[in-house]
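Okay, structure first, notes after.
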Amino acid sequence: TNADPILDIQNIEVVYNNTIQVLRGLSLSVPRGAIVALLGSNGAGKSTTLKAISRLLEMEKGELKSGDILFDGQSVRADTPHGLVRRGLFHVMEGRRIFEDLTVEENMIAATYAGSNAEARKRFDLVYEYFPRLFERRKGLAGYLSGGEQQMLAIGRALIANPKIILLDEPSLGLSPLLTEEIFSIIARINNEQKTSMLIVEQNAAMAFAVADYGYIMETGRIMLDGPTSVLTDDPDVQEFYLGMS
Ligand code: ATP
């Protein structure tokens, strides 16, 4: 599968406002069906990497200066964010962008791009199967959900699109350890049962390594270290700087 990855980032450079260079020749790939974790300190460029993939970069005056990103064998350079969703790539941004003034179910309806009502219903049922709490709260305003439930809704909205890959930006942000564990175990189930590939940006390295097959560690715009998570977990530097052991 490594010969035909679902996502292949080839030596990209990204610049904001034509002046600030944030990514400096970054390469990374996600095999089909895999969970890949992207770690790194604050400001390393993790969110920028996800935005470059989903084309949300341009909305923030960022530009892909060189290199290329292949999704499902095709460059994303000519795509729009919506076009990529239709092609099967969904970006769950940091901070759970949901519509607080809509109900949970209305948020899910808003994520339905195409297809019949019957198809949409099936996707809703799938989301409710993974997140029973969203079913219980489907008629309530999304703004009244807890942080963990809002993260569930953000991931649920991604599932509606039946994506081939989900880009997840800090799913644990602001959540208790218990809720973080619950969210990650559902992420692992979705990957396993739906065969959805995942690229996960995380501060919580231990959690990310628990579900990911492969990890990349970046510093100031480049990958410094990568390998199977089982190998990275045994690396003394990784243990000291990312896993909080010593
Ligand atoms: P964090 O975990 O803190 O979000 P990160 O690794 O995701 O860190 P990015 O958000 O990608 O890092 O930011 C990388 C660098 O790019 C930072 O120095 C940041 O200030 C800068 N940056 C991010 N977005 C913009 C923007 N829209 N315009 C200018 N600079 C930006």
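Kindly check whether there is at least one residue in the stretch 41-48 that is modelled with pLDDT of 95 or more and on the phi > 0 side of the Ramachandran plot. Taking every residue of the stretch 41-48 in turn, at least one turns out to be modelled with pLDDT of 95 or more and on the phi > 0 side of the Ramachandran plot.
Only one of the listed residues (G45, G40, G95) is out of contact with any strand residue (DSSP E or B) (no Cβ under 7 Å at 6 or more places or on another chain), closer than 15 Å to D169 by Cβ and in contact (Cβ under 8 Å) with a residue 40 or more places away in the chain. That residue is G95.
Which of the residues spanning the stretch 72-99 are on the phi > 0 side of the Ramachandran plot, open to solvent by less than 50 Å² (accessible area, probe 1.4 Å) and away from the ligand (no atom under 16 Å from the Cβ)? Listed by number, the residues that qualify are D72, G88.
Residue check: is I69 β-branched (V, I, T) and within 25 Å of S172 (Cβ to Cβ)? Considered against the rule, which asks whether it is β-branched (V, I, T) and within 25 Å of S172 (Cβ to Cβ), I69 comes out as no. Taken over the stretch 219-243, the criterion of being β-branched (V, I, T) and assigned to a strand (DSSP E or B) is satisfied by I223 alone. Candidates R24, R55: the one that is out of contact with any helix residue (DSSP H, G or I) (no Cβ under 8 Å at 6 or more places or on another chain) and among the basic types (K, R) is R24. Please tell me if I223 is over 20 Å from V127 (Cβ atoms) and modelled with pLDDT of 95 or more. Yes. The residue pairs whose first member lies in the stretch 60-75 and is free of Cβ contacts under 8 Å to residues at least 12 places away in the same chain, whose second member is more than 16 Å from the ligand (Cβ to nearest atom) and assigned to a strand (DSSP E or B), and whose beta carbons are closer than 8 Å, counting only pairs six or more residues apart or on different chains, are S75/D68. For the stretch 21-57, the candidate set comprises residues that are within 7 Å of the ligand (Cβ to nearest atom) and part of a strand (DSSP E or B); within that set, the residue that is surrounded by the most Cβ atoms within 10 Å (Cβ to Cβ) is G40.
Regarding the stretch 63-71, can at least one residue be identified that is among the small types (G, A, S), at pLDDT 95 or above, within 11 Å of the ligand (Cβ to nearest atom) and open to solvent by 10 Å² or more (accessible area, probe 1.4 Å)? No.
I'd like to know if the stretch 208-217 contains one or more residues that are at pLDDT below 95, open to solvent by 40 Å² or more (accessible area, probe 1.4 Å) and not in a loop (DSSP other than H, G, I, E, B). Checking the stretch 208-217: at least one residue is at pLDDT below 95, open to solvent by 40 Å² or more (accessible area, probe 1.4 Å) and not in a loop (DSSP other than H, G, I, E, B).
Each residue in the stretch 1-20 was checked for being in a strand (DSSP E or B) and either more than 18 Å from the chain's Cα centre (by Cα) or within 16 Å of the ligand (Cβ to nearest atom) (or both), and 9 of them qualify.
Taken together, A118, A111 contain a single residue that is more than 10 Å from the ligand (Cβ to nearest atom), of a type in the set (A, V, I, L, M, F, W, C) and loosely packed, with under 15 Cβ neighbours inside 10 Å, which is A118.
Checking each residue in the stretch 14-57 for being in contact with a Ser or Thr (Cβ under 9 Å, 6 or more places away or on another chain), closer than 17 Å to G227 by Cα and of a type in the set (A, V, I, L, M, F, W, C) picks out L26, L28, V30, A34, I35, V36, A37, L38.
The values are calculated or read from the model by the stated rules, or taken from the named source; none is laboratory data. Everything numeric in this text was worked out from a predicted model, so none of it was measured. Neighbour counts run over all protein chains shown; Cβ positions are idealised from the backbone, glycine included. Please note that ligands, DNA and RNA were not included when accessible areas were found on the heavy atoms of the full protein model with its side chains. Shrake-Rupley method; radii C 1.70, N 1.55, O 1.52, S 1.80 Å.
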